[in-house]
Amino acid sequence: MATSYLPTLRTVQNMLIPDAKGVLAGLGLICASYSTIRVLSALALYSLPSRVSTYHHGPGPWALITGASDGIGLGIAEELSRQGFNIILHGRNEGKLNAVSSHLGSKFPERQYRLLVADAATFPPTSSAYTELLAPVKDLNITVLVNNVGNVGGVTNKSIRSVADWPDDEVEALMNINVTFTLHLTRALLPILQQHEPALIINCGSVAAAGLPYLAHYSGMKAFLKAWSRGLGIELKAEGHNIEVLHAEIAEVTTPSNPGSGVPFKTDAATFAKALVSRAGWNHGSVTAYWQHLMLSRVFAAMPEWMFAMSMGSMMRQMSKEEVVRVDQFKWDRKKDD
């Protein structure tokens, strides 16, 4: 009696097998199309010319750059000077800022430079404090804000360590440097940017936002910055403002405070700054500004969670053990750095 069902089963099987093949073919086409779109998007991102000139308007346009004493901040200051902007240099060491101002002034004599001296690690998180800080520049035609200030190691030299190893005061300083100062400064400067639209806000993030062990505090702060940038950009558009918010993910960039490690795909500050400025003006939202950094970001994203946890956990744990607190010309020295 069971044999009477065989023709019916064969019929159903013959119907399902072609459909299954069609489904697999369709999924393959979708995956191929998705990959093609991502490749084309990346090619477009890195081949489109800079439109930062969109924000070069009005009488003597100005750009305010935080953490501009050296490294990425100084590189951005040079690049924007080259693009015709006057620059407001922020840092915590007035002597270093004066030296940077003199250097840039000799290199770009047609530009003007102003200083904002404030320690992001300890600056009071009050509206009145930021209003007072910006008072000397509030009447300038500021069209660009670059939130570059940030630090992976707080106020000491040991950056790669477990969450439990961070003292209270260093956690607070790290939060102030990477999050609080940027939030309050941007909030205080928004009315000025809105007066001089179109305007641009660049927030310098990190590929560490993927969530790196032994950099958990820093990773979380950079992930916050990415989400905040997206929310702020959408909010400003919804309110009818012509202000681009560009979040940039950054990997290894060699600077005086970071001479480089074994991390692949690194570049120098000047090259990175040029790449970052080239991404402006297209309303990309969030980008990996330098193309080689995108490769590292894609590696992180492609890893299954178990592989990411296993490889990064062991690697970062070993790096944490090997890292020794030291004070030298390449590390954050609170007496000399900005």
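The values are calculated or read from the model by the stated rules, or taken from the named source; none is laboratory data. This structure is a prediction, so every number in the text was calculated from the model and none was measured. Here Cβ is always computed from backbone atoms with ideal geometry, including for glycine, and neighbour counts include all displayed protein chains.
May I ask you to list the residues in region 99-137 that are in contact (Cβ under 8 Å) with a residue 40 or more places away in the chain, within 23 Å of residue 52 (Cβ to Cβ) and part of a loop (DSSP other than H, G, I, E, B)?
112
List every residue pair whose Cβ atoms sit under 7 Å apart, with the two residues 6 or more apart in sequence or on different chains, where the first one lies in region 51-63 and is closer than 19 Å to residue 147 by Cβ and the second, anywhere, is aromatic (Phe, Trp, Tyr).
Note: pairs meeting the criteria are 61/55; 61/85; 62/85; 63/85.
On the basis of being farther than 25 Å from residue 289 by Cα, surrounded by fewer than 19 Cβ atoms within 10 Å (Cβ to Cβ), among the hydrophobic types (A, V, I, L, M, F, W, C) and touching a Leu at 6+ places or on another chain (Cβ under 8 Å), does residue 137 make the cut?
yes
Please specify each residue of region 87-139 satisfying the condition of being more than 24 Å from the chain's Cα centre (by Cα) and hydroxyl-bearing (Ser, Thr, Tyr).
101, 102, 106, 113, 126, 127, 128, 131
Of everything in region 158-193, what is within 21 Å of residue 212 (Cα to Cα), assigned to a helix (DSSP H, G or I) and small (Gly, Ala, Ser)? Give them in sequence order.
Correct list: 164, 173.
Inside region 69-94, can you point out the residues that are touching a strand residue (DSSP E or B) at 6+ places or on another chain (Cβ under 9 Å) and farther than 15 Å from residue 276 by Cα?
Listed by number, the residues that qualify are 69, 70, 85, 86, 87, 88, 89, 90, 91, 92, 93, 94.
What number of residues within region 71-97 satisfy the criterion of being in contact with a Lys or Arg (Cβ under 8 Å, 6 or more places away or on another chain), part of a loop (DSSP other than H, G, I, E, B) and in contact (Cβ under 8 Å) with a residue 60 or more places away in the chain?
Final tally of qualifying residues: 1.
Quick check on region 213-223. Is at least one of its residues in contact with a strand residue (DSSP E or B) (Cβ under 7 Å, 6 or more places away or on another chain), assigned by TED's automatic domain parsing to the domain that holds residue 75 and not aromatic (Phe, Trp, Tyr)?
No, region 213-223 contains no residue that is in contact with a strand residue (DSSP E or B) (Cβ under 7 Å, 6 or more places away or on another chain), assigned by TED's automatic domain parsing to the domain that holds residue 75 and not aromatic (Phe, Trp, Tyr).
Tell me, yes or no, whether region 206-215 has at least one residue that is among the small types (Gly, Ala, Ser), surrounded by 20 or more Cβ atoms within 10 Å (Cβ to Cβ) and touching a Phe, Trp or Tyr at 6+ places or on another chain (Cβ under 7 Å).
Yes, that holds for at least one residue.
I'm checking my understanding of the structure. Among residues of region 276-296 that are out of contact with any strand residue (DSSP E or B) (no Cβ under 8 Å at 6 or more places or on another chain) and modelled with pLDDT under 90, which one is nearest to residue 82 (Cα to Cα)?
Among them, the one singled out is 291.
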